Every structure is written in structure tokens, then in C-alpha cells.
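Following: one structure in C-alpha cells, then a few remarks.
The values are calculated or read from the model by the stated rules, or taken from the named source; none is laboratory data. If you're wondering where the values come from, they're calculated on a predicted model, not measured in any experiment. Methodologically, a virtual Cβ is constructed for each residue, glycine included, from the backbone with ideal geometry; neighbour enumeration extends over all protein chains shown. Surface areas here come from the heavy atoms of the whole protein model, side chains and all, with no ligands, DNA or RNA. Shrake-Rupley method; radii C 1.70, N 1.55, O 1.52, S 1.80 Å.
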Amino acid sequence: MNNIAILGAGSWGIALSTVLDANKKKVIVWSALEDEIEMLSQKREHTSKLPGVCLGDNIEFTASLEKAVCGSEIIVMAVPSVFVRGTAEKIAPFVKEGQIIVDVAKGIEPVADSACRIPMEAAELWMIPVKTAPIRRPRMGLSKAVSRLVNCLLSVSGSTACDMRVMPNM
């Protein structure tokens, strides 16, 4: 699997895209913020989230969910947990059977019935006909979390959850 879409251009999404790019994966990063996409494309650096981290020339940036999702084998949901459901609803028309969606959002989603759920636990409500692989991110440094998640992404198959706590170091 070589084509990976990262939905979310915050520190987590940008860190993942950088390491995936270094592992020779074709990466496209989506953000809902046009200004953020313009800054990333022009400066090849996220000046406010990860200053000093240079983004590879092969990483593509887009504000189009359709463009990000349609050509990707793996879709990584790296948006804040409160935006996972809304983003999933927006990508649903573009997702095809066989694509893998990996949720790396931390936190829980508050819902109207006063319960809370981990965002990917609600995947069946989104009507997306794909395999999902939620990633449970323990508390650890960003670089360690990124390397373990990339290891997990590079080996993800099927719909089994991938627990980074049991993944070997890269």
C-alpha cells in the first residue's frame, strides 16, 4: 500500500506525513483551512505546529477531500476527535470498498444521549463500506508515537484494531 491520505494538517497529521514520506509512501495531506494548505505548499513547513520540520517535496497538500480520498489506499483520520464524525460524513461519498480508514484521533466524542464514544466506534453510523482500524495512542512523546504508528500503518491489514503499545520500535 503506497498511497496514503492524511486528513488533518495539525502536528499529528504533519508528523505522520513526514515519516510516511521518508518511508517512500505517496502522501497527500488534507486540511479544511485554505490558508494552512497554502502555507504548507509554499513553505514546506508547518510554522505554527512543527516549526523547523521540513516537509518533503513529494508530500502533496489539498483542501479537496475528494482529491485526498479518491486515489488513496489508506485514509488516516488525524483530525481532532470532535471533527471525526463530520469529516467521515463528508468523505463517505468518495470512499470505495477496499480502502482502509485508520483513526488516530485522541479523545472521545460527546453525543446527545450523554454517552461518549471513541470516534471510530461510531463508524457504522457513517455508512462507509470499508474496513476500519482504530489506533489507540498511549501517552508518549510525539516522535515515539509517530514511529510506532507508522510501523502500524505500514503493516495494517484487515479490520483488526492496532494497539501501538504492543508494536515494536522502528
Within segment 1-36, residues at pLDDT 95 or above and aromatic (Phe, Trp, Tyr) come out as Trp30
On the given criteria, is Val102 part of a loop (DSSP other than H, G, I, E, B), within 15 Å of Ser17 (Cα to Cα) and either open to solvent by 50 Å² or more (accessible area, probe 1.4 Å) or not basic (Lys, Arg) (or both)?
no
Looking at this structure, is Cys116 open to solvent by 20 Å² or more (accessible area, probe 1.4 Å) and at pLDDT 90 or above?
no
Within segment 16-31, residues within 22 Å of Ala88 (Cβ to Cβ), open to solvent by 10 Å² or more (accessible area, probe 1.4 Å) and either among the aromatic types (Phe, Trp, Tyr) or assigned to a helix (DSSP H, G or I) (or both) come out as Trp30
Would you mention how many residues in segment 51-87 are open to solvent by 30 Å² or more (accessible area, probe 1.4 Å), among the hydrophobic types (A, V, I, L, M, F, W, C) and not in a helix (DSSP H, G or I)?
3
When you go through (1) modelled with pLDDT under 85; (2) open to solvent by 10 Å² or more (accessible area, probe 1.4 Å); (3) assigned to a helix (DSSP H, G or I) one by one for Met39, which number turns out not to apply?
(1)
Out of curiosity, is Ile4 surrounded by 13 or more Cβ atoms within 10 Å (Cβ to Cβ), in a strand (DSSP E or B) and in contact (Cβ under 8 Å) with a residue 60 or more places away in the chain?
yes
